[in-house]
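Peer 1: Sharing a structure below in structure tokens format, with a few things to ask.
Every number here is computed from the coordinates shown, using simple stated rules; none is lab data. Not measured: the values here are computed from a predicted model. Every residue, glycine among them, receives a Cβ derived from its backbone with ideal geometry; neighbour counts consider all protein chains shown.
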Amino acid sequence: MIRLLTLALLTTSLTLASAADLKFGVVDMSKAFSEFHKTKKAAEDFKGNVDKAQKEMNDRWAVYKNLMNDMQKLKKEASDPIMTPDARAKKAAEFEEKGKELRTLEQEIGEQQNRRSSQLKQEDVQIRRGIYDEILVVVRDKAKVEGYDFIFDKSGMSLSTVPVLIYYKDAVDITDQIVVELNKAAEASPAPAAPAATE
């Protein structure tokens, strides 16, 4: 037991001694994500998909509203005392049929909303993951080239919503360098040609 304790203390001492030789860096992944040129483009594309889904749902609700108006009209006609009993019975039967159609449509709309909402959430997660993966490649390459032993994300939060990295000393913040590296491709791409002047 004493030998194990001595070995543990010796290992800890050696670890602490060698820690002084390690090179630490920090990066704000949240800032890198928000300032990456691909994030803005992805957000615009995603908004287009959200708007498209919203239009689809609005169209479906418009059909629902028209069906509801038809039902109200049939209900009024079915209780009109001027109409013959047979005609009122016919309108009442049509009213019941429209009611079934309306309930089916309402269920379909609910299912479609849930399905589209789930698809959009999954798409958002995949987009974010893809962008973060690109950022991580740049961060790792930077760490290798400049000889960092550790790079920590200073924007990371724990499950209790407390920052994971509360304090750091002698660690270089490379966030701005990462943002510049990420946006090099966008700056290097040629600007679209101006339309030719017409006489």
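Peer 1: Using a cut-off of under 17 Å, list every residue of the range 116-131 whose amide N is near the label point 7 Å from the Cα of K55 along the Cα-to-beta-carbon line.
Peer 2: Under cut-off, by backbone N: nothing.
Peer 1: For A42 and D21, calculate 0.36 nm times their separation in residues minus their Cα-Cα distance, and state this gained length in nm to one decimal. All intermediate terms of the calculation are to be shown ahead of the outcome.
Peer 2: Values: separation 21, 0.36 × 21 = 7.56 nm, distance 4.07 nm.
So the chain would gain 3.5 nm between A42 and D21.
Peer 1: What is the calculated FRET efficiency for V172 to Y132, with r their C-beta to C-beta distance and R₀ = 22 Å, to the nearest 0.05? Walk me through the numbers before you get to the answer.
Peer 2: On the way: r = 21 Å, r/R0 = 0.97.
Taking R0 as 22 Å, the efficiency between V172 and Y132 is 0.55.
Peer 1: Calculate the dipole size of the range 29-138 relative to its Cα centre from +1 charges on Lys and Arg beta carbons and -1 charges on Asp and Glu beta carbons; express the result in debye to the nearest 20. Intermediate values should be presented prior to the final figure.
Peer 2: Values: 23 positive and 21 negative charges, 48 e Å.
With only Lys, Arg, Asp and Glu charged at Cβ, the dipole is about 220 debye.
Peer 1: What list of ³J(HN,Hα) values in whole Hz, one per residue of the range 129-145 in order, does the Karplus curve 6.51 cos²θ - 1.76 cosθ + 1.60 (θ = phi - 60°) give from phi, with Gly and Pro shown as x?
Peer 2: After applying 6.51 cos²θ - 1.76 cosθ + 1.60, I find 4, x, 5, 4, 4, 5, 5, 4, 4, 5, 5, 5, 4, 4, 4, 5, 5 Hz.
Peer 1: Sequence-distant or interchain residues sharing an amide H contact under 5 Å with K23, placed H: which?
Peer 2: Excluding prolines and chain starts, which carry no amide H, the hits are D149, F150.
Peer 1: From a point 7 Å beyond the Cα of K184 in the direction of its Cβ, which residues of the range 32-55 have a backbone N at a distance under 17 Å?
Peer 2: 36-38
Peer 1: Work out the length of the dipole vector of the range 105-158 about its Cα centre, built from +1 on the beta-carbon of each Lys and Arg and -1 on the beta-carbon of each Asp and Glu, and round it to the nearest 20 debye. Don't jump to the answer; show the numbers that get you there.
Peer 2: Details: 9 positive and 11 negative charges, 36 e Å.
Dipole size: approximately 180 debye.
Peer 1: Continuing with this model, one more query. What is the distance in Å between the Cα centres of the range 28-84 and the range 97-149?
Peer 2: Going from one Cα centre to the other spans 19 Å.
Peer 1: Same structure again: If you stretched the chain out fully between M157 and R115, how much longer would it get, using 0.36 nm times the residue separation minus the C-alpha to C-alpha distance? The partial results should precede the final answer.
Peer 2: Working: separation 42, 0.36 × 42 = 15.12 nm, distance 3.04 nm.
The M157-R115 span can extend by a further 12.1 nm.
Peer 1: Next up: Starting from the amide H of M83, placed 1.01 Å from N in the peptide plane, find each other amide H under 5 Å away whose residue is 5 or more places distant or on another chain.
Peer 2: Residues meeting the criterion, in which the H sits 1.01 Å from N, do not exist here.
Peer 1: Within a Cβ distance under 12 Å of K31, other residues only, what is the Lys/Arg minus Asp/Glu net charge?
Peer 2: Values: positive: K154; negative: D28, E35, D153, D173, D176.
So the surrounding residues net to -4.
Peer 1: In the structure shown, do any of K31/K154; K23/K142; K41/K142; K31/K142; K47/K121 have a Cα-Cα gap over 20 Å, and if so which?
Peer 2: Details: K31/K154 10 Å; K23/K142 13 Å; K41/K142 24 Å; K31/K142 17 Å; K47/K121 12 Å.
Violating the 20 Å Cα-Cα cut-off are K41/K142.
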